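Rule-based calculations on the coordinates, nothing more; no lab input. In this text the structure is predicted, and so the values were computed from the model without any measurement. Note that we place each Cβ from the backbone using ideal geometry, even for glycine, and neighbour counts take in every protein chain shown.
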Amino acid sequence: MLVSAQKSLPTDETDLRNRLISFAQGDVRRFVAIAGAPASGKSTLAERLFKAVEAEAPGRVAVLPMDGFHYDNAVLQSHGWLARKGAPHTFDLDGLACVLDRLARGDRPVAVPVFDRALEISRAGASVIAPSARLILVEGNYLLLDEPGWKTLHERFDLSLYLDVPLALLRQRLLERWRSLQPEEARAKIEENDLPNAKMVIEHSIAADLVLKT
């Protein structure tokens, strides 16, 4: 269920899709933030919205996942951060901001990094966003984080969406995500990293324009 924070914004996903299609068909490049805790369903929603908009406005929409801006494992290891991979300080925030600014110009193709989950690393230049894309769906945990540095992103978004998922459900989804690991390793990832990150998102994000409750 979508809950609107402003009366002028849509209150269900059909209305949201229509609004995004309108963005994609316009002349001005628009940015929509899709934020939420780990395992809240950001990537799934972004892909669903992308397909819906692409069907009506081919070539006019693109997805930019924040995960592509993970620091490499070697960098994380050198700082002693590898166990906290996915926390705010393990992302290249300035790199993300620069790419958003390049995309805002909308006058040329922009190469963007993509996180390869099979390899657990980001691949530079793994995708290219064409000038024809008028709508950019940006998805990531910390896009609405009300913390130094991250606050600078907020003004770049024309619309923000937050996925509100109960912590108990997040834990269940994370258990499924890490089921291939040994129980103790999975426990450490969830209890010592993923859930603390989730709580930070839940407790320290600014109000979004739209909230999707699960």
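Does anyone have the angle between helix 93-105 and the longest principal axis of the chain? Alpha-carbon axes, 0 to 90°, nearest 10? It is inclined by approximately 10 degrees. Dipole of the stretch 2-213 (Lys/Arg Cβ +1, Asp/Glu Cβ -1, origin at the Cα centre): which of 135, 37, 186 lies farthest to the positive side? Value computed over the given set: 135.
For residue 42, a cut-off of 17 angstrom between C-alpha atoms picks up these lysines, skipping any fewer than 8 places away in its own chain: 51, 199, 213. The stretch 162-192 and the stretch 8-64 have Cα centres spaced 27 Å apart.
Taking the helices alone, the chain has a mean residue ellipticity at 222 nm of -10500 deg cm²/dmol, built from -39,500 (n - 2.57) per DSSP H run of at least 4 residues and averaged over all its residues. Considering only 80, 25, 64, the residue lying farthest towards the positive end of the dipole of the stretch 1-122 is 25, judged by Cα position with unit charges set on Cβ. Taken over the Cα atoms of the stretch 35-147, the convex hull encloses 111 Å³ per residue. Once the C-beta distance of residue 82 and residue 28 is scaled by a Förster radius of 45 Å, the resulting FRET efficiency is 0.65 to the nearest 0.05.
Shape annotation for the stretch 2-213: C-alpha extents along the principal axes are 50, 35, 32 Å, from largest to smallest.
Modelled label positions at residue 154 and residue 187, each set 7 Å beyond Cα in the direction of Cβ, lie 3.9 nm from each other.
Annotation: the antiparallel percentage among DSSP beta bridges lying fully within the stretch 2-213 is about 35.
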